[in-house]
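Notes to accompany the following structure.
The values are calculated or read from the model by the stated rules, or taken from the named source; none is laboratory data. Keep in mind the model is a prediction, meaning the values are calculated, not measured. Here the Cβ positions follow ideal geometry from the backbone for every residue, glycine too, while neighbour counts run over all protein chains shown.
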Amino acid sequence: MEPINILVNDQIAEDTQPRIAAVDPRVKVTHVGKLLTAELKGDAAATAEMDRLLAEAEVYAGMRIPPRLLARAPKLKWVQVNQAGVDRVLLDEEFRRSPVMLTNVGGIHSFAPAELAIQCCLAWIKGTVECARQKEARLWQPFSPGVLRGKTMGIVGYGNIGPKVARVAKAFEMWVIALRKSATKPGKARYADVILPPSGLNRLLAESDFVVMATPLTPETYHMMSTAQFAAMKKDALLVNVSRGPVVDEAALAVALRDKVIAGAALDVFEQEPLPKDSPLWELPNLLYSPHIAGYISAYPSMVQDLFVRNLQRYVKGERLETLVNKKRGY
């Protein structure tokens, strides 16, 4: 009986190994978290041990990917990435072209970024930052906050996060416009009044009071929001990014916020993380900031583990895996 050698790390903790091994008697699972940490610090002995384990590995699951994975793992058939974004993995052109299956955790906690996106919209229109400023200064200066009702929510990317944002927006009686890559002509969806193809981006920007970025990072979406796109937006609009940092050109955004081309932005993700101390974004009062926390919920590791075990059960039966990534599309 040929073993199925599996290497795991990160959110798939060591105490999950018995559960993984119980899926099939052929499974042999090794946790390589400490080894990989040591290798990345330059430990030659750790690198040699990783080489030995990778040489026999059929499945690899983790957030951190070892350097030169394909060259070191000739028997590899499946990689499970313990995050939604796979852009870094697919930077390796050889891996992109290889027959190795790639799965992510897309959708398992999409409600969390969707909640943060709505929270940003509410915080903005209800003057949460102004109220915090007044409390800090012990001021009493009543003002008239806005409402979401009747406003237009624009959603760029209608995959896992987008529909959840749209559903809540409709509960607030907003008009919803969404951009979906697979759309070829304008249409509708359950929670979206209008679905547009990618060519409709400028229309979405021109009509939306709030623009939520919920798209994966691919070569087509890199810096898709830049100077021209900010100019197409309403001057009183808010941009919210809960997807991937590089879909927004931060240098252009800083200028747009400074010059009041758009009213504000709320960013949970950034082109470089942590955000550099010298970034002009720090000084902008019309920027709402959070340090990439949208998906960091306490249940995340257990959800990742559950998904991996389900997928492994499918794998040993030869069934199609959940959250299978189309490597050519990048999601």
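Residues of the range 236-248 that are touching an Asp or Glu at 6+ places or on another chain (Cβ under 8 Å), crowded, with 20+ Cβ neighbours inside 10 Å and not in a strand (DSSP E or B): Ala237, Val242, Arg244.
Just so you know, in the range 40-59 the residues that are of a type outside the set (Gly, Ala, Ser) and assigned to a loop (DSSP other than H, G, I, E, B) include one that is nearest to Val309 (Cα to Cα), and it is Glu58. Which members of the range 290-304 meet the condition of being part of a helix (DSSP H, G or I), loosely packed, with under 15 Cβ neighbours inside 10 Å and either within 14 Å of the chain's Cα centre (by Cα) or in the same structural domain as Ile118 (by TED's automatic domain parsing) (or both)? None - no residue of the range 290-304 is part of a helix (DSSP H, G or I), loosely packed, with under 15 Cβ neighbours inside 10 Å and either within 14 Å of the chain's Cα centre (by Cα) or in the same structural domain as Ile118 (by TED's automatic domain parsing) (or both), so the list stays empty.
In the condition set (1) touching an Asp or Glu at 6+ places or on another chain (Cβ under 9 Å); (2) surrounded by 12 or more Cβ atoms within 10 Å (Cβ to Cβ), Gln272 is compliant with all but (2).
Considering the range 133-204, the qualifying strands (runs of 3 or more DSSP E), each wholly inside and each with 3 or more residues that are touching an Asp or Glu at 6+ places or on another chain (Cβ under 9 Å), run over 152-156, 175-179. Looking only at residues in the range 240-262 that are more than 20 Å from Pro274 (Cα to Cα) and among the hydrophobic types (A, V, I, L, M, F, W, C), the one that is farthest from the chain's Cα centre (by Cα) is Val261.
Of the set (1) modelled with pLDDT of 95 or more; (2) in a loop (DSSP other than H, G, I, E, B), all apply to Ala266 but (2). When the range 1-39 is filtered for residues that are surrounded by fewer than 19 Cβ atoms within 10 Å (Cβ to Cβ) and part of a helix (DSSP H, G or I), the ones remaining, listed by number, are Glu14, Asp15, Gln17, Pro18, Arg19, Ala21, Gly33, Lys34, Thr37, Ala38.
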